[in-house]
1. Identify, from the list Arg64, Arg83, Arg37, the residue that is at pLDDT below 95 and either assigned by the TED database to the domain that holds His130 or within 21 Å of the chain's Cα centre (by Cα) (or both).
2. I'd like to check something: does region 4-24 contain any residue that is within 22 Å of Thr194 (Cα to Cα) and assigned to a helix (DSSP H, G or I)?
3. Could you give me the residue pairs with C-beta distances under 6 Å whose first residue belongs to region 40-54 and is not assigned by the TED database to the domain that holds Leu152, whose second residue is β-branched (Val, Ile, Thr) wherever it lies, and which are 6+ apart or on separate chains?
4. May I ask you to list the residues in region 18-29 that are within 22 Å of the chain's Cα centre (by Cα) and open to solvent by 10 Å² or more (accessible area, probe 1.4 Å)?
5. Are there any pairs with C-beta distances below 7 angstrom linking a residue in region 94-112 that is farther than 15 Å from Phe50 by Cα and at pLDDT below 75 to a residue that is open to solvent by 10 Å² or more (accessible area, probe 1.4 Å) and assigned to a loop (DSSP other than H, G, I, E, B), with the two at least 6 apart or on different chains, and if so which?
6. Residue by residue through region 119-128, note down the ones that are under 14 Å from the mean Cα position of the chain (by Cα) and either surrounded by fewer than 20 Cβ atoms within 10 Å (Cβ to Cβ) or in contact (Cβ under 8 Å) with a residue 60 or more places away in the chain (or both).
7. For the condition open to solvent by 30 Å² or more (accessible area, probe 1.4 Å) and within 30 Å of Arg205 (Cβ to Cβ), what is the one hit in Pro114, Pro63, Pro86?
8. In the same structural domain as Ser157 (by the TED database), open to solvent by 10 Å² or more (accessible area, probe 1.4 Å) and either modelled with pLDDT under 95 or closer than 16 Å to Glu156 by Cα (or both): is that true of Glu70 in this structure?
Amino acid sequence: MRLVKLEANSVHFPDPDTALQDPNGLLAIGGDLTAPRLLSAYQHGVFPWFEPGEMILWWSPDPRAILVPEERHISKSLKRFMRKMPFRFTLNQQFEKVIRACAMQREDGTWIGPLVQRGYQELHEAGRAHSVEVWEGNELVGGLYGVSVGGLFCGESMFSRRENASKTALMVFCQHFSRNGGELIDCQVLNPHTASLGAREIPRRQFLQQLSELSQRALAPDCWLPQDLSPHDEDLPVFPKDRE
């Protein structure tokens, strides 16, 4: 299969089925990170991932990691922690600070360089990229951000400056997203952290089919408005069977 170089005057992406098997999912190179191109990428099941200063790489791996909100897993210890919740949560109130914190989180380097931050900030201003903030008092101690495509949310990154901050952010977001009509969270590539929270792998073709269907799904009108998010205690007992 041939690796495609994206054209500067087009936001079209090649068929994800043409992505390389090694490295898994590499589909195209080049282009830019403007909001129209980023949105087109997510609508086609593609996302950027590359080292700062190097050529932009676009990926669509097989299998794909996903999290169904109703399948989210909460351990007994995390459930106890959430019962005594020391945090408060907000939506879309400090996107720029969240993405910067996600970039600073990784001591071994990050792909979330200035170019990436500008691109997703532009997408946020267009109403398509969103953040969840975790606060301890007035201090931002955790959060996550990603891109909405109808009833699917493409998670990009999260950070935590306190124990369980990013985990509780995801749990509270799952509640909010599901209550407003959301059905699927894209986790891209499975890792131990997301797996421990209930993520699993599905074939790329299955993911693309679900993406096609969910991209047409309308959520509640106020789903993405800046707002406070509150964990719902009545939801905790219906999580999948507790596992440590």
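The values are calculated or read from the model by the stated rules, or taken from the named source; none is laboratory data. Everything quoted here is computed from the prediction, not taken from an experiment. When we count neighbours, we look across all protein chains shown, and the Cβ atoms used for this are built from the backbone with ideal geometry, even at glycine. The accessibility values were calculated without ligands, DNA or RNA, using every heavy atom of the protein model including side chains. Shrake-Rupley method; radii C 1.70, N 1.55, O 1.52, S 1.80 Å.
1. Result of the check over Arg64, Arg83, Arg37: Arg83.
2. The answer is no, given that none of the residues of region 4-24 is within 22 Å of Thr194 (Cα to Cα) and assigned to a helix (DSSP H, G or I).
3. These pairs meet every condition: Ser40/Val11; Tyr42/Val147; Tyr42/Val149; Gln43/Val149; Pro48/Ile56; Phe50/Ile56.
4. As a first pass, look at region 18-29 and keep what is within 22 Å of the chain's Cα centre (by Cα): 19, 23-29.
Result: Pro23, Asn24, Leu26, Ile29.
5. none
6. Initial filter on region 119-128 (under 14 Å from the mean Cα position of the chain (by Cα)): 120, 123-124, 128.
Those that are under 14 Å from the mean Cα position of the chain (by Cα) and either surrounded by fewer than 20 Cβ atoms within 10 Å (Cβ to Cβ) or in contact (Cβ under 8 Å) with a residue 60 or more places away in the chain (or both): Tyr120, Leu123, Arg128.
7. Values: Pro114 fails: within 30 Å of Arg205 (Cβ to Cβ); Pro86 fails: within 30 Å of Arg205 (Cβ to Cβ).
Pro63 is the lone residue from the list that is open to solvent by 30 Å² or more (accessible area, probe 1.4 Å) and within 30 Å of Arg205 (Cβ to Cβ).
8. On the way: in the same structural domain as Ser157 (by the TED database): yes; open to solvent by 10 Å² or more (accessible area, probe 1.4 Å): yes; either modelled with pLDDT under 95 or closer than 16 Å to Glu156 by Cα (or both): yes.
Yes; evaluated as a whole, the condition is true for this residue.
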